[in-house]
Amino acid sequence: MTDHPILGQIALAYCPVIDRNRSVTATRLTVFPLNQSAGLDSASLLSAVGEAWPVGGPQIWLNVLSEGLLHDLIAAQPATHILVEIPSFMACEPESVAPICTLHANGNLLLLKGRPLRELPREVLPCFKYSIIDYDDDRRIDPHTGVSNSSPEGVIRTIGHVQSGIRTVEAMENAFRRGATAVLGWPIDDAIEVSTRPTDQPALQVIVLLIDQVHKQADIEDLEKTLKRDPPLAYKLMRFINSPAFGLSVEISSFRHAIMILGYQRLKRWLALLLATASKDPNMRPVMFAAVRRGLLMEELSRGSGDNELSNELFICGVFSLLDRMFRQPFSELLKTIPVPERVYQVLVDGAGPYAPYLNVVKAMEGQTLAEIREAADGLMMSFGDINSAMLRAMSAGSQLD
């Protein structure tokens, strides 16, 4: 990835934008300035974001928590696949009318963040695709029961809305019943608790057996026999390996060919990816999205080490980091049947060991608070420039897998 100076001056966090079908339709990227008084280059930010999310790819929503940077970014005319969030107080300012209308005229989709405290100027109202309303701040929710009310007299929502601040599946369902187009983030723990569909056990057993065989470097014939027990799984594995994210110059045509080209170590990481995406429950789709991003990000954080074994183990660690909740088993029991390296076992079971700081950074970047990200970055002893570059590379690789 190109060197972008602004990446050393900001902290980044991300969360998925999820529709009622539980599909991830976009990624929200939150930008925290490390120093509010520092001048930040909007062109450098747009260049970095555009490299990770090129035109024609998935949508990216920019949530910039610096008023000065946001003003500059709006004036810089970002590409139309970059959706800019504009705080409601800024949208109400007379001096914002012209730049907002210019962006809209250029084809940009804009997002109104927060409930306006006064009426928006008539000219800017048609410029917004959606409004982002926090669940606790929604005027149509009873503050005592959390249940949806009908709109109060005089309150008419004229543009579609996206619900933020969702903490439970029940709240998410309420949001969609009220007409929310999407929700920001996903209540992972609660989604797992209320999940009614078991993980596809036959596929799970085949993947676990294959991981064990690869770990022991079993003969190719034995691996092929195991894979033939589940033809859909074989197809899925071939699809992953031939995806652009894998970066191979030749097409892999068979499992035997995959082993010959990849070797056991790289094959094991993709079996880990398959294990983390084995559930057929729609509510698990965002959980699987999170697991894959964790693996890719932990791998990218180690890119500068030049240690391939470290990178592969960190990838597996991130991808496996939600398996205990997905399969409703503690890691101490789950990892009795799934062989993992000792350093991966340490962090998943005990929350300790050399990989713990990497996992802490990944979790912090999902947490949406600057304090958490700063603390985790200090624990990993990496610069924000390196951490942010790794995150953008991981997001780009993840979009290619999707």
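The values are calculated or read from the model by the stated rules, or taken from the named source; none is laboratory data. Because the structure is predicted, anything quoted here is derived from the model rather than measured. Neighbour counts are summed over all protein chains in view; Cβ atoms, including those assigned to glycine, are modelled from backbone coordinates with ideal geometry. Only protein heavy atoms, including side chains, enter the accessible area calculation; ligands, DNA and RNA are left aside. Shrake-Rupley method; radii C 1.70, N 1.55, O 1.52, S 1.80 Å.
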Over all Cα pairs of the range 357-402, the Kirkwood radius sets Rh, and Rg/Rh then becomes 1.00
With x for Gly and Pro, the residue-by-residue ³J(HN,Hα) of the range 168-182, computed from phi through the Karplus equation 6.51 cos²θ - 1.76 cosθ + 1.60 at θ = phi - 60° and given in whole Hz, is 9, 5, 4, 5, 4, 4, 4, 4, 5, 5, 7, x, 4, 6, 7
Taking amide H positions as placed in the peptide plane 1.01 Å from N, state which residues far from S23 in sequence (5 or more) or on other chains have amide H under 5 Å from it. none
Sorted by chain and number, the residues with a modelled amide H under 5 Å from that of T277, at a separation of 5 or more or across chains, are none
A correct Karplus calculation of ³J(HN,Hα) over the range 106-111, with 6.51 cos²θ - 1.76 cosθ + 1.60, θ = phi - 60°, whole Hz and x for Gly and Pro, returns 7, x, 6, 8, 10, 10
Would you please report the Å³ per residue occupied by the convex hull of the alpha carbon atoms in the range 254-315? 78 Å³
Net dipole in debye of the chain [+1 Lys, Arg Cβ; -1 Asp, Glu Cβ; about Cα centre; nearest 20]: 1060 debye
Theoretical gain in end-to-end length, R256 to K225 [0.36 nm per residue, Cα-Cα removed]: 10.1 nm
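With a 1.4 Å probe and every protein chain kept in, tell me what percent of the accessible surface of the chain is carbon plus sulfur.
Working: 8900 of 17780 Å².
Looking at the chain in its full context, I get 50 percent from C and S.
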Relative to the longest principal axis of the chain, what angle (0 to 90°, nearest 10) does the C-alpha long axis of helix 255-276 take? 50 degrees
Roughly what would the spin-label model give for T168 and A371, points 7 Å off Cα along C-beta, in nm? 2.5 nm
Once phi for every residue in the range 337-342 is put through the Karplus expression 6.51 cos²θ - 1.76 cosθ + 1.60 (θ = phi - 60°), the whole-Hz ³J(HN,Hα) values, with Gly and Pro written as x, are 9, 10, x, 9, x, 4
So how far, in whole Å, is the C-alpha centre of the range 58-73 from the one of the range 106-131? 15 Å
Just to confirm the number: angle between the C-alpha axis of helix 201-215 and the first principal axis of the chain, 0 to 90 degrees, nearest 10? 60 degrees
Please work out the FRET efficiency for the pair D41 and N21, using the Cβ-Cβ distance as r and a Förster radius of 51 Å; give the result to the nearest 0.05. 0.85
For a bin width of 10 Å, list the pair-distance distribution of the range 241-281 built from all Cα-Cα distances, rounded to whole %. 27, 54, 17, 2
Going from the alpha-carbon gyration tensor of the chain, what semi-axes, largest first and in whole Å, does one get by taking the root of 5 times each eigenvalue? 39, 25, 19
Can you list, bin by bin at 10 Å, the percent of alpha carbon pairs in the range 199-273, starting at 0? 19, 60, 20, 1
Taking Cα centroids, how far is the range 327-379 from the range 268-291 in Å? 17 Å
Rounded to whole angstroms and listed largest first, the alpha-carbon spread of the range 312-402 along its three principal axes comes to 38, 30, 22
Placing one equal point scatterer on each C-alpha of the range 321-369 and summing with Debye, one gets log10 I(q)/I(0) at q = 0.20, 0.31 Å⁻¹ equal to -0.70, -1.15
Report the label-to-label distance for A76 and Q217 in nanometres (one decimal), using points 7 Å from each Cα along the Cα→Cβ vector. 4.9 nm
Taking only protein heavy atoms into account and a 1.4 Å probe, give the accessible area per residue of the chain in Å². 44 Å²
Measuring from the longest principal axis of the C-alpha atoms of the chain, the long axis of helix 384-401 (C-alpha) lies at a number of degrees, nearest 10, equal to 70 degrees
In percent, how large is the relative contact order of the chain, given Cα pairs closer than 8 Å and 6 or more residues apart? 17 percent
Could the peptides 329-342, 5-18, 286-299 be put in order, highest first, of the mean number of other beta-carbon atoms found within 10 Å of their residues? 286-299, 5-18, 329-342
